[in-house]
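Quick notes on the structure that follows.
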Amino acid sequence: MAIVENIQFIEKEIEGKGVTLVAVSKTKPVEMLMEAYNAGFKRFGENYVQELVDKYEQMPKDIEWHFIGHLQSNKVKYIAPFVSLIHSVDSFKLLQEINKQAAKHNRVIDCLLQIYIAEEDTKSGMTEEECLEILQAETLEKLPNVRIVGLMGMTTLTEDEAQIRKEFKKLKDFYESLIINPQRRPNSSLNILSMGMSGDYSIAIEEGSSMIRVGSKIFGGRIYQK
Ligand SMILES: *Cc1c(COP(=O)(O)O)cnc(C)c1O
């Protein structure tokens with residue numbers, strides 16, 4: 001696998017577009033991540049808490065670790081000391097736990113609210129209504145150790161480009177509505193829209209993504225997919 005070349009190829013594609021690349025390294029060994037690291041790339045996304053903690057312990061400490069998978073409340077404590085951005089906050093209860101664990105480490109943890117945009121009901125996330133409930137000054141004031149910095153969404157698993165585009169557009173429209181409406185603007189700033197993976201990041205960027213999460217197109221296919 002030409003990991004470094006793959007990253008450079010994608011970085012060239014997104015150059016000047018205000019898009020940040022997160023290399024999704026789940027299931028891949030530390031040696032593969034180190035190839036990217038040694039070429040200067042330091043932003044990785046992981047899905048599983050134990051795997052993330054193992055890699056964090058084995059690798060240099062100037063890496064920006066993103067948690068992108070489904071997060072159980074009882075596991076937040078393991079990643080709270082070091083995680084840079086949690087993309088997958090799907091409930092208020094989880095956000096409360098992140099706040100509690102972040103406080104123990106005197107940290108403010110950046111979070112994205114994962115919004116449910118796919119047609120299939122297997123993908124996790126919250127509805128726009130749940131998101132609006134959380135994004136209220138009174139709610140967020142009680143959670144001083146988390147900062148909501150944006151939204152994340154995953155589309156339906158389909159080859160239908162029009163469907164994918166429609167779902168990304170819906171999330172972008174919702175994101176825009178939050179930004180322009182001061183009543184709905186939290187005391188933290190929304191500036192990240194995390195959408196797009198290996199198969200659909202070009203469409204996601206066309207539809208306004210500012211952060212893409214790319215795994216297999218960098219590190220090759222995975223045996224265990226999730
Ligand atoms: C695995 C995963 C990705 C990356 O998927 P690829 O198709 O390999 O690029 C992105 N986002 C989430 C939430 C994932 O679980």
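In the stretch 194-226, of all residues being of a type in the set (D, E, K, R) and either within 11 Å of the ligand (Cβ to nearest atom) or at positive phi (or both), the one that is surrounded by the most Cβ atoms within 10 Å (Cβ to Cβ) corresponds to ARG213.
Among the residues here, ILE86 does not qualify as within 18 Å of the chain's Cα centre (by Cα), surrounded by 15 or more Cβ atoms within 10 Å (Cβ to Cβ), within 16 Å of the ligand (Cβ to nearest atom) and not in a strand (DSSP E or B).
Restricting attention to the stretch 59-68 and to residues that are buried (at least 19 other Cβ atoms within 10 Å of the Cβ) and not aromatic (Phe, Trp, Tyr), the residue that is nearest to GLY125 (Cα to Cα) turns out to be ILE68. Just one of the listed residues (LYS77, LYS55) is assigned to a helix (DSSP H, G or I), touching a helix residue (DSSP H, G or I) at 6+ places or on another chain (Cβ under 8 Å) and surrounded by fewer than 18 Cβ atoms within 10 Å (Cβ to Cβ), namely LYS77.
Here GLN50 passes the criteria (1) open to solvent by 70 Å² or more (accessible area, probe 1.4 Å); (2) touching a Pro at 6+ places or on another chain (Cβ under 8 Å) except the one numbered (2).
Of the residues making up the stretch 115-132, those that are in contact with a strand residue (DSSP E or B) (Cβ under 9 Å, 6 or more places away or on another chain) and open to solvent by 10 Å² or more (accessible area, probe 1.4 Å) number 8. You will find that of VAL19, VAL49, the residue that is touching a residue at least 40 places away in the same chain (Cβ under 8 Å) and among the β-branched types (Val, Ile, Thr) is VAL19 and no other. Of all residues in the stretch 149-170, those that are more than 19 Å from VAL214 (Cβ to Cβ) have Cβ atoms under 7 Å from Cβ atoms of residues that are open to solvent by 10 Å² or more (accessible area, probe 1.4 Å) and not charged (D, E, K, R), 6 or more apart or on another chain, in VAL149/SER188; VAL149/SER189; VAL149/LEU190; VAL149/ASN191; VAL149/ILE192; GLN163/THR156; LYS170/ILE117. For the stretch 161-181, the condition of being hydrophobic (A, V, I, L, M, F, W, C) and either touching a Pro at 6+ places or on another chain (Cβ under 6 Å) or within 13 Å of the ligand (Cβ to nearest atom) (or both) holds for at least one residue.
The conditions are (1) more than 20 Å from SER216 (Cα to Cα); (2) without any contact (Cβ under 8 Å) to a residue 24 or more places away in the chain; (3) open to solvent by 70 Å² or more (accessible area, probe 1.4 Å), and LYS100 fails exactly one of them. Which is it? Status for LYS100: all satisfied but (2). Restricting attention to the stretch 19-30 and to residues that are farther than 17 Å from SER84 by Cα and within 14 Å of the ligand (Cβ to nearest atom), the residue that is surrounded by the fewest Cβ atoms within 10 Å (Cβ to Cβ) turns out to be THR27. Please verify whether LEU33 is surrounded by 17 or more Cβ atoms within 10 Å (Cβ to Cβ) and farther than 30 Å from GLN96 by Cα, treating the condition exactly as stated. Taking the combined requirement at face value, the residue satisfies it.
The values are calculated or read from the model by the stated rules, or taken from the named source; none is laboratory data. If you're wondering where the values come from, they're calculated on a predicted model, not measured in any experiment. So basically every Cβ, Gly included, is an ideal-geometry build from the backbone, and we count neighbours across all protein chains shown. Accessible surface areas use protein heavy atoms only, side chains included; no ligands, DNA or RNA. Shrake-Rupley method; radii C 1.70, N 1.55, O 1.52, S 1.80 Å.
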